[in-house]
Amino acid sequence: MTASVTAIGAQALVPGVLLPDIAEGVGLSAAAAGGIFGIYGLALAASSFAAGACLRRLAGRARVMGGLAGLAAGLVVVASASDELGLLTGVVVAGAAAGIALPAVYGLVAVMVDGELASRATSRVLLGWALSLVVGIPVAGLIAQLFSWRSAFVALAALALVAAVFGLGLPSADPPEERRPRFREVLTDRAVLPLLGAVAAFMATFYGVFAFVGSDARAHLGHGPGLSSAVALAYGCGFASAGLLHRWTSRLERILLPLTFAALIAVYALLPLADRTLPTVLLAAAVWGMVNETALTMLVVRISRASAASEALALYNSITYISAAVGTACAGAIVSSVGFASLGLAAAVVCAAGLLMVAASPQQSQIA
């Protein structure tokens, strides 16, 4: 539960559903508000590194509970923001808190289960992230539709506090001794380094486009937050349903990983045209979710094969949120200057670079 709640709170700070309402509430343009939310990823990445250095001897349960409490505080500050400074403060606090909680959640998996069960448990934690899209974001949009965007953030803060209380049931054992990270080994691995570059391209395009697709659809179709929630729900359903196909897709990894990046190029190029009608934007979002889940799972599987797998996955986590921040900020600048259609084309170009990086990985010739 703690993983899912942390994910829901984190995904709420990707403001695709509520961005126009938040921007109006604090007196900013949608692009400026999107840029502020982009800082969330930087705060999370920086906090993850700092927590790893300063909180090593603090038990995982304490990290999770403290992080969730901080996340709740940040969400409350966002909900009460009346200007740019207040919004920025809440986003930074929430990002720093999530940077403490999320790595601790994944670390506790290794403490609670062993061997192959750990892989299955990690998959369930990742499923919680998908469920945050399927359930959490649309519910937040519905609350905003019925009440206000501020009420949605208050509800999420309350949920985070409840999860912190449930954290009392987590293991209280002292954390294991942590060896010196072997990041140099990862950065010289010719098989993994291009994949990390592909992750950067993947995450920057996803978070950048997701932050603004809802507001663009609303501008064309004239609906409120409920439309953005429907788009997020369609994406989340596609993302979650793709997980049902892992038994077959994992056998075709060699072919499917580059094909999914090629499909993403098409999705991003066509998405600005698809959001002109409700059926097409929902269909495009569902396809987008299916392709994204397949590509992301295969990327993570390949990265986890590195000789220094834990360090490779730590870099993956940091790259994810740094890319989210950069992607959202760049997307805001593009949308405000030349429009959402140009953002789709820019995302397609970045995904093309990601496709080249996937092809450059020596593991491209291996069959999973």
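The values are calculated or read from the model by the stated rules, or taken from the named source; none is laboratory data. Predicted model only: the values in this text are computed from it and were never measured. All Cβ positions, glycine included, derive from the backbone under ideal geometry; neighbour counts span all protein chains shown. Note: areas computed on protein heavy atoms with side chains; ligands, DNA, RNA excluded. Shrake-Rupley method; radii C 1.70, N 1.55, O 1.52, S 1.80 Å.
Values computed for the structure shown
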quantity	calculated
Modelled FRET efficiency - R0 35 Å, Ser304 with Leu273, Cβ distances, 0.05 increments	0.45
Residues Val162 and Leu283, FRET efficiency given R0 of 35 Å [Cβ-Cβ distance, rounded to 0.05]	0.50
Largest-first ordering by accessible area, 1.4 Å probe, given options Cys351, Cys237	Cys237, Cys351
Charge context of Val300, other residues only, Cβ under 12 angstrom, K/R +1, D/E -1	0
Rounded to whole Hz, the Karplus (6.51, -1.76, 1.60) HN-Hα couplings of the stretch 277-292, x for glycine and proline	10, 5, x, 6, 5, 5, 5, 4, 5, 5, 5, 4, x, 4, 5, 4
